[in-house]
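Below: one structure, written as structure tokens.
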């Protein structure tokens, strides 16, 4: 009987856990849908800016070359890099943080092997706890980001990075985050945001139809041998001075949005798996409880019959 009572307590505990994980799954689903709408809404803007920058860069290159502090150049190297890692503030999201942190650790080992210095900046408490555990110094921690990162928040970080890069403090600035590919597929990604790849070369390759040429992600490829020509006012160089920084900001903002989407998908999947596992455990415990109760009843009947027989 004591065993039956213990199994019954476990059944109740598993039922409570199942209700909690089911609720968390529904919350994660709602947050995922909202985050996906934000990420999807901002993507066309990012793609169109990249397309326009490519056209401007190609025109500027034809009219006398293209130089900008944010583009890759032959300036002296400092052998110093900046790495921003975006993780979550909360757990219970499966391997989401683990995948991101593995990529970040690999980048740090690679830089160390090349004798380079890396300034590490973090978003999310899980990443901060991990790097503290392995005694990796952290230059900056951004703890004010929620499930709805705003453009103003990201813009401040992007402005700081562009100012530092233009001043020659770093050779490169990269961000590591969970890239959203589809609902069934997310991948931890290390993306270099500075220096920017020269968009003029990409635009010319796409216009010429070169093998393997590609414009902005999701942009329509131009017909081989053809390219549209525009008259710009003000000049392409002046427009690029405004649009290249905007491209960096939108790229970083898109990374934050996709990171939130990936986190909510991972939590939704993890909580669904936990709910399903709780259901299976509940069924197994119920079977064990029924067997234990039947065994107890059989034992009691045997004792009653034996007692009655001894009185005869």
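The values are calculated or read from the model by the stated rules, or taken from the named source; none is laboratory data. None of the values given here were measured: they were computed from a predicted structure. Every residue, glycine as well, gets a Cβ built from its backbone with ideal geometry; the counts of neighbours run over all protein chains shown.
Does residue 80 satisfy being assigned by TED's automatic domain parsing to the domain that holds residue 289 and surrounded by 15 or more Cβ atoms within 10 Å (Cβ to Cβ)?
No.
Looking at 244, 252, which one is within 36 Å of the chain's Cα centre (by Cα), crowded, with 17+ Cβ neighbours inside 10 Å, modelled with pLDDT under 90 and in the same structural domain as residue 83 (by TED's automatic domain parsing)?
One residue alone meets the criteria, 244.
Inside segment 99-126, can you point out the residues that are under 18 Å from residue 261 (Cβ atoms) and out of contact with any helix residue (DSSP H, G or I) (no Cβ under 7 Å at 6 or more places or on another chain)? Within segment 99-126, 99, 100, 103, 123, 124 qualify. Go through segment 160-188 and give me each residue that's without any contact (Cβ under 8 Å) to a residue 24 or more places away in the chain and not in a strand (DSSP E or B). Hits for segment 160-188 are 160, 163, 167, 184.
Residue by residue, here is whether (1) within 27 Å of the chain's Cα centre (by Cα); (2) farther than 21 Å from residue 247 by Cβ; (3) modelled with pLDDT of 85 or more holds:
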| site | (1), (2), (3) |
| --- | --- |
| 35 | yes, yes, yes |
| 47 | yes, no, no |
| 51 | yes, no, no |
| 56 | no, no, no |
| 62 | no, no, no |
| 70 | yes, no, no |
| 83 | yes, no, yes |
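For segment 137-159, the condition holds for no residue, the condition being that it is at positive phi, modelled with pLDDT of 90 or more, over 14 Å from the mean Cα position of the chain (by Cα) and in a loop (DSSP other than H, G, I, E, B).
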